[in-house]
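This report refers to the structure that appears directly beneath it.
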Amino acid sequence: MSILTEADTINAVAPASTEPQANNETNNTPEIKTTFFTEEIQQLLPHRYPFLLVDRIIDYVPGKRAVGVKNVTVNEPHFQGHFPERPLMPGVLIVEAMAQVGGVVMTQLPEFEGGLFVFVGIDKVRFRRQVVPGDQLIMTVELLWVKQRRFGKMQGRAEVDGQIAAEGELMFSLIN
């Protein structure tokens with residue numbers, strides 16, 4: 001067994017070429033977009049204020065999953081009545097936010113590009129932690145399956161500070 005020291009690592013690295021690389025290399029791999037800002041999300045989803053509940057997609061793996069962020073602020077309209085003395089984000093809006101992240105995954109599938117997806121089912125949803133103004137909701141949604149080129153099922157999880165706030169299965173149907 002040998003021990004690799006810092007000196008060995010420096011010697012093990014091949015020296016970099018001083019010649020510039022050609023710009024016309026034969027690498028035709030398209031760059032995969034892994035993040036989306038609000039304006040780009042609005043190009044994919046029909047939702048608008050006050051119902052657009054995803055501020056950013058911070059990690060996207062085509063055809064598999066997306067991680068979205070919702071910054072929860074006290075000036076959101078639902079907090080006026082839910083509840084004035086102790087504002088809590090309604091559970092249905094947490095589920096809707098997860099679904100919107102799922103919608104980004106579904107609308108990016110080549111066979112569904114430009115399609116509109118709606119809920120057809122919600123299963124096994126559990127709420128584990130309250131979401132309040134000042135929280136940052138991190139939603140991870142993974143595609144489980146697509147059937148008949150029309151239906152999709154996803155597993156969603158919403159977290160705040162590493163604690164699960166809600167999780168469950170979301171089913172979608174293409175209506176266009």
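We did not get these values from a lab; they are worked out from the coordinates using the rules stated. Because the structure is predicted, anything quoted here is derived from the model rather than measured. No Cβ is skipped: glycine too gets one built from the backbone with ideal geometry, and neighbour counts run over all protein chains shown.
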Residue in segment 107-123 that is in a helix (DSSP H, G or I) and under 18 Å from residue 58 (Cα atoms) present: yes
Within segment 89-102, considering residues that are among the small types (Gly, Ala, Ser) and under 12 Å from residue 155 (Cα atoms), the one surrounded by the most Cβ atoms within 10 Å (Cβ to Cβ): 102
Take the residues in segment 124-176 that are more than 22 Å from residue 58 (Cβ to Cβ) and among the basic types (Lys, Arg), then tell me which one is surrounded by the most Cβ atoms within 10 Å (Cβ to Cβ). 153
Given the conditions (1) free of Cβ contacts under 8 Å to residues at least 24 places away in the same chain; (2) out of contact with any Lys or Arg (no Cβ under 8 Å at 6 or more places or on another chain); (3) assigned to a helix (DSSP H, G or I), which single one is not true for residue 82? (3)
Which pairs turn up if I take residues in segment 102-117 that are touching a residue at least 12 places away in the same chain (Cβ under 8 Å) and look for partners that are among the charged types (D, E, K, R) and not in a loop (DSSP other than H, G, I, E, B) with beta carbon separation below 9 Å, at least 6 apart in sequence or on another chain? 102/142; 105/65; 105/142
